[in-house]
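Scroll down for the structure; my scribbles are underneath it.
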């Protein structure tokens, strides 16, 4: 305890350089833990986005691309699926339920999803959790919309509010559907998935928006069909973007997947969500490792800065060591004193770094959620993060041994008087 007190007093005596060293270590620790936190939470967030869905069906393309646009609302489909193809697949004897998805429109940068009531009955996220309404009800009218939790919160919408949807998926759209406004019928409870950032309308509502469009543009003049006229038309969709399938038995997954991949009506592809997620993470694995490696080098740089600061102060502290020897300190006590200083600086830097990490997460959490749909939970460090902290302490112990050994040698040579 006396040696620890001496180490703290020595650091306090050199508080300016000690604080700079501590801050450098803290920032490097914050960066390392932040990279690991975002990596692990991003994986957990992606993995919890969809569960209970056996197959995702879309136009033939890459499996990762299909997963991204159908589940995460990232990117666009290379082609659509004809409605009659959906009906054939949904009628398959091994298919328990089929959820049609139609994408392509947006509202202030948030994607609009056309679907049916099966979406709210069968879609699952997390550990098989069903979608719940926080207020209002599921759409029942042609021009009703159900909002995700983030959409309602960010845009301050409530059931009964009227909104106008826009054509295209960009944040800025030059063509909107002002002639067919929608009314908010309900708001979903928060899920921590892309559902929170999505507006949900019926497939018929999606068809009504484009019933008078030609070649991707609204028709001009007498060809325009207003909202009331659209109600009188046959609004059966001509095409959709993707299909979520739930099967009667997991055993039949590969058989149904093979049948869809060999579908004769049009070129389609069926993927397993879990396998596609693993493929996605294998693509991102190199980037993850590179970020962790860079963060590790930043921590190492901070520890080397601590080594430099302690070594630079040794010559100035030789008189201090001689005084300590004169009052009974042994060379091993001098070694322990320097080692405790290094560990104290590292431990202080880790504590400050963890504190900065959680303050940063608390401040950045709403922004990450609104901009990227990524929810970073503020939780205690996990096992892997604890191992990283342990590795940092071990590295500081090894690095701190260098000035400690030098001080030990100097104390043996100097004795009670400083030798030059």
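The values are calculated or read from the model by the stated rules, or taken from the named source; none is laboratory data. Here the structure is a predicted model, which means the values were calculated and not measured. As a convention, Cβ positions derive from the backbone with ideal geometry for all residues, glycine included, and neighbour counts pool all protein chains shown.
Here are the criteria: (1) in contact (Cβ under 8 Å) with a residue 12 or more places away in the chain; (2) not assigned by TED's automatic domain parsing to the domain that holds residue 112. Tell me which single one residue 297 does not satisfy. Answer for residue 297: the failing condition is (1). Taking segment 121-160 as the region of interest, how many residues are part of a loop (DSSP other than H, G, I, E, B), free of Cβ contacts under 8 Å to residues at least 60 places away in the same chain and at negative phi? So the count comes out to 9. State all residues of segment 246-280 that are within 18 Å of residue 62 (Cα to Cα) and in a loop (DSSP other than H, G, I, E, B); if no residue qualifies, say none. Scanning segment 246-280 gives 262, 263, 266, 267, 272. Of all the listed residues (96, 77), the sole one being assigned to a loop (DSSP other than H, G, I, E, B) and at negative phi is 77. Annotation: of all residues in segment 173-194 being farther than 22 Å from residue 212 by Cα and in a loop (DSSP other than H, G, I, E, B), the one that is modelled with the lowest pLDDT is 192.
Look through 62, 75 and report the one residue that is in the same structural domain as residue 265 (by TED's automatic domain parsing), surrounded by fewer than 21 Cβ atoms within 10 Å (Cβ to Cβ), under 23 Å from the mean Cα position of the chain (by Cα) and within 19 Å of residue 197 (Cβ to Cβ). So the residue among 62, 75 that is in the same structural domain as residue 265 (by TED's automatic domain parsing), surrounded by fewer than 21 Cβ atoms within 10 Å (Cβ to Cβ), under 23 Å from the mean Cα position of the chain (by Cα) and within 19 Å of residue 197 (Cβ to Cβ) is 75.
Results for (1) within 27 Å of residue 77 (Cα to Cα); (2) crowded, with 18+ Cβ neighbours inside 10 Å; (3) touching a helix residue (DSSP H, G or I) at 6+ places or on another chain (Cβ under 9 Å); (4) not assigned by TED's automatic domain parsing to the domain that holds residue 230, shown as yes or no for each residue.
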| position | (1), (2), (3), (4) |
| --- | --- |
| 121 | yes, no, no, no |
| 165 | yes, yes, yes, no |
| 179 | yes, no, yes, no |
| 185 | no, yes, no, no |
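Here residue 182 meets the list (1) under 26 Å from residue 234 (Cα atoms); (2) out of contact with any strand residue (DSSP E or B) (no Cβ under 7 Å at 6 or more places or on another chain) almost entirely, failing just condition (2). Based on what the data block shows, is residue 270 modelled with pLDDT of 90 or more and farther than 16 Å from residue 90 by Cβ? No; evaluated as a whole, the condition is false for this residue.
Scanning segment 389-420 for residues that are assigned to a helix (DSSP H, G or I), modelled with pLDDT under 60 and surrounded by fewer than 13 Cβ atoms within 10 Å (Cβ to Cβ) returns 412, 413. Residues in segment 34-52 that are touching a strand residue (DSSP E or B) at 6+ places or on another chain (Cβ under 7 Å) and either closer than 30 Å to residue 289 by Cα or exposed (fewer than 15 other Cβ atoms within 10 Å of the Cβ) (or both): 4 in all. Residue pairs whose Cβ atoms lie under 7 Å apart, separated by 6 or more positions or on different chains, with the first residue in segment 215-242 and within 30 Å of residue 62 (Cα to Cα) and the second in a loop (DSSP other than H, G, I, E, B) and modelled with pLDDT of 90 or more, are 239/80; 240/80; 241/80.
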